[in-house]
Structures are given as structure tokens and as C-alpha cells.
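Take a look at the structure below.
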Amino acid sequence: MKRVRVNGLRIFQCAAILVAGLASSSAWAGWYNNGKVLLTGGVFTVDGAGGGGAVPWATISGYETRDGINGSAGFTYVNLPALQVSFYGVNVGFYDRLELSYVDSRLSLNLPNLQTVALVLDAVDLGDSVGTDVWNSTLPMQTYGVKLRLFGDAVYTSDSWIPQVSIGGLYKVNGNKELVKTLGADKTKDYEIYLAATKILFPLSTLVNVTARYTSANEDGLTGFGYCHNNGLGTGDCKNKRKVRAEVSIAHLVAKNTAIGGEWQQHGNNTGGQSININGLNLTTITNVLSNLGLDLGDSLKQKNEGDWYDLFMAYAPNKHISFTVAYLMFGNISVAPDQNGFYFSTHLTF
Amino acid sequence: MKRSKISLAIAAGATMLAAAATQPAFAGETKTKPILGIPSSAVADFGGVDGIHNWVESLFYYIMLDNRINYIFKEFGNADRQIALNTQLETMVLGGPNNYQGASMSAAHADLGITMTQFNAVVEAAYNACERNDIPYYSCNDLIAALAPFTRVIVTK
């Protein structure tokens, strides 16, 4: 697991150095382009693709037009009561047609009920016997993305209802197999495919985006994909069934450099109602131990129904090289933690 | 049978002539048709035709400051004439009378090899001109919506 983390970081560093190198090299001058109108490339999503905060748009990231290439780097920090997530990533847009992206994310769980279990397992000296580090609470993930613009122009075809349409693929690799399994997911690595349609309605100063994503992700893949029902024997009934889920972004421009809006991202409910699964261990023993200590954790170790993601955001781009997005997130239940609402801060640097 | 075909052809020809006659003789460009329409207050929001003229003057001021595009405007035609023609064009697309006396957008830009980057540079100048002339952002977007369909014929590279 450690090796995967180091690898991911190395790839990220290489990509960053590559992009920085390209930006500074003189050979870049011929293809470098930043001719798009402010904010029309979208900002940096948690998947690395250009778009809103969580929803990828049909627009190609970066400020390049069809005349050249542009790249960007982004950092996003999400702070919810039970967890914090950092996303670092880069993406490159080629000729307003193709986009490649990479994101390294790190989710830190901060769940008192899981920590209580860890504490008790340590106390009763079961920590070693479950074969996993019970204090392990970080979920690192790498997301590789590609997006191809199929047809349409989101910005200038104001006399037609045809939007800009793009197809995208994401490959996500979660680096913490133990914890993903503990949280009842089936897979740590999986792909997602999405189709996005974007249109700017100038007389309303509003951008509308609709995305359909074919996925089996739990919390965007941050807690794995699919489910394994815990039967207490370490085997269980595992499924990774992908479905098409809907996503919508609406951004209203109040000025040429400021957008406000909201997003909705439909989520599945793969792990709702299941108890967390510590390496196939039947948790009845543990909950019995806990009730002897006067703690009834039986119910609180049962995962809540996963909620859809909603957010309200404001994005501000003082110039073409930097933009800031702040958002209020309403993520519903995440794993065993109910009602996760919190803040999101993102910076997008464009070359 | 033959005679009826001929008379049909004559009738069709006459209708087309009549249709052509109702258009102003000098109209080189027609109004665009944005899907959401342009509000009836659009010309007034720009301060009437005089306000549109002031806006076009500001537009050319910002265009001439931008090295990505100023040389094209310097090379092809004098600024005063272009300001006058643009005032007519913008008045027309915003729903005012069609007094446009210039060439069609496709004829006027066919040989210039305008890139998307250069077109966007003019759009940036347009927003700067709106700010300079205190025209609200939302009104400015009405004009962008009205001019946007010309992208297809203006951007040829």
C-alpha cells in the first residue's frame, strides 16, 4: 500500500514537472494558447476534469482555443465534520478538443465510532488478530481522466439549442484496500464513463450542464466501488454493478469574472444498512465487548444510506491565471457518519 | 400542362422578386436569431443608438490596445468607417432598424483568416467597452448573444 502511495506521488510530481517544463520552454511558444474568454473553460473538479466542483462539464479545461494547448493545476480542500479530503491535480487541454487529467486525493476519516472500535480492539488485544491496522484511517486515491469533445460549441452557438457534448473516462485507483473493504466496498479500482452536455445561455448569463455518469462508485470512489455484504466469514456477497447516474451544474455569471451556482450529483447506495466489515470479522463479538463497557455501538457501526451530493458555489477569476472557488457542500450520510455538510475551497492555476 | 408549368415558374419568379424588393436595397447582413431572443429594451439599455455608437468607439479603443488584433483593424479599412458600420450592425442585431450599409459578415471577413483566439479577443474588448460605458453586464450579454452566431462566418482559420 505504501508503495502505491509513493508511486502515485511520483507520477504526480513527474506530471507537474512536465507541465511546468512545457510552460517555460521556448518550444512551447508555437502551440501555447490562452484565448478562451474568462471562466468559459470551467474550474477544477475533484475528478481533475474541467467543470464545476464535482460535476465534469463538456468544456475542455484550460484557456486554450482550437488554436493551441493550455494546462492547469488545481488544489481543492474539503472539510466535513467526519472527514477531510485534499485533491492535488493537473490537466492539459489540447486544441479545445481533448483533455487529459490526473488527480491525487487523500481522504482522512475522523470517525469517533471507528476510533472507539480501534481503541477497544487495542485494549482487548484483538488489534493484531484482525490482521489489519485498526487505526488506519486514510484513503488515498489516484484518478486518471480523459475527455473528448464530440460536437457543438457551448459558448457561441446562441441561435441553436445544440449544446457542446463531450465524452469522458476516469480510472480511479484507491490505495487503501483494507479500509475500502472495511467500509464494505467490493473494488478499490474501477473506471467511470460520462457524457456531458454544456450550454451558455447569454441572455440569462447562465451556464447549464447535464452529465450522465456510468459508475458504481461509493462517494465518488473515495470509499471504493460496489459492495460486499458482510456475512461474518470474510467471503460475502460482492457486486460491482455500474449504473447511469445523473449530475447537473448551473452557474450564473453575475460579472464576467464571477459565477455563483449549484450542483447536484446523484449517488448510489451500495453500502447503506451494512455494518462495517473489519477483515471479515463478525462484529457481534466486538459489540458485545462494547456493551459490557456500557457502549452500544451496534447501530452506529451500521453504515447509513449514501446521500446525493449537493453544493452551492461561488467562483472568482481575477484573471486567466488563477481562480478561486468556495462552496458549501451538502453530502448527506457518508459511511457511518450522518449529515455531512461542510466547506470546500479550491484554487485553479492556469498557464 | 406545359403552359401551367410555365405560369407556375413565372408566379414563383414574381414572388421572389417581390420578396427581394421588400428588403432594403443596401442590407448586407440580416438580424441573427438567438434562441432565447433579445429583450425589447436592448437598444434602450445601451443608451439608444447614440449609446451604441459610444460603445463601439470604446470597443475600437480597446481593440487598438490589443496586439493580438489591432493590426488587422489597422490594415483593413479606416476606423471611423468601421465605427459607423458597427453602430448600424449592433443597432440592427439588438432589435433596432436595419440601416446596415456594409458588406455581409462572411464577405467582410472571408480573406482575413481570423482565429478563434482573435475573435475572443474582440469579445474581451466588448466586455471592457461595456464596463467603460457603464452598460450592465447582463445587457452586454444580450449583445454577445446577438453577435455570437456571426462566429461561424468570421472565424475561418
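The values are calculated or read from the model by the stated rules, or taken from the named source; none is laboratory data. Being a predicted model, the structure only gives us computed values, none of them experimental. Using ideal geometry, Cβ is built from the backbone for each residue, glycine included, and neighbour counts are taken over all protein chains shown. Remember, those area values only see protein heavy atoms, side chains included, never the ligands or the DNA or RNA. Shrake-Rupley method; radii C 1.70, N 1.55, O 1.52, S 1.80 Å.
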How many residues does region B:110-149 hold that are at pLDDT below 95 and open to solvent by 40 Å² or more (accessible area, probe 1.4 Å)? 3
Under 7 Å between Cβ atoms, at least 6 apart or on separate chains: pull out the pairs that start in region B:68-79 with a residue that is within 14 Å of another protein chain (Cβ to nearest Cβ) and end on any residue that is open to solvent by less than 100 Å² (accessible area, probe 1.4 Å) and among the β-branched types (Val, Ile, Thr). B:Arg68/B:Thr117; B:Ile69/B:Ile63; B:Ile69/B:Val122
Restricting to region A:160-207, give me the number of residues that are open to solvent by 50 Å² or more (accessible area, probe 1.4 Å), of a type in the set (A, V, I, L, M) and part of a strand (DSSP E or B). 3
Check B:Arg152 against each of (1) over 17 Å from B:Leu59 (Cα atoms); (2) of a type in the set (D, E, K, R); (3) surrounded by 19 or more Cβ atoms within 10 Å (Cβ to Cβ) and name the one condition it does not meet. (3)
Could you grab me the full set of residues in region B:62-105 that are open to solvent by less than 50 Å² (accessible area, probe 1.4 Å) and of a type in the set (S, T, N, Q)? B:Asn70, B:Gln82, B:Asn86, B:Thr87, B:Gln88, B:Thr91, B:Asn98, B:Ser104
Considering only helices (runs of 4 or more DSSP H) fully contained in region B:38-127, which possess at least 2 residues that are in contact with a Leu (Cβ under 6 Å, 6 or more places away or on another chain)? B:42-45
Kindly indicate whether any position in region A:212-232 is open to solvent by 10 Å² or more (accessible area, probe 1.4 Å), within 14 Å of chain B (Cβ to nearest Cβ) and in contact (Cβ under 8 Å) with a residue 24 or more places away in the chain. no
Which residue is farthest from the other protein chains (Cβ to nearest Cβ), if the candidates are limited to region A:66-90 and must be touching a Lys or Arg at 6+ places or on another chain (Cβ under 9 Å) and under 21 Å from A:Tyr316 (Cα atoms)? A:Ser86
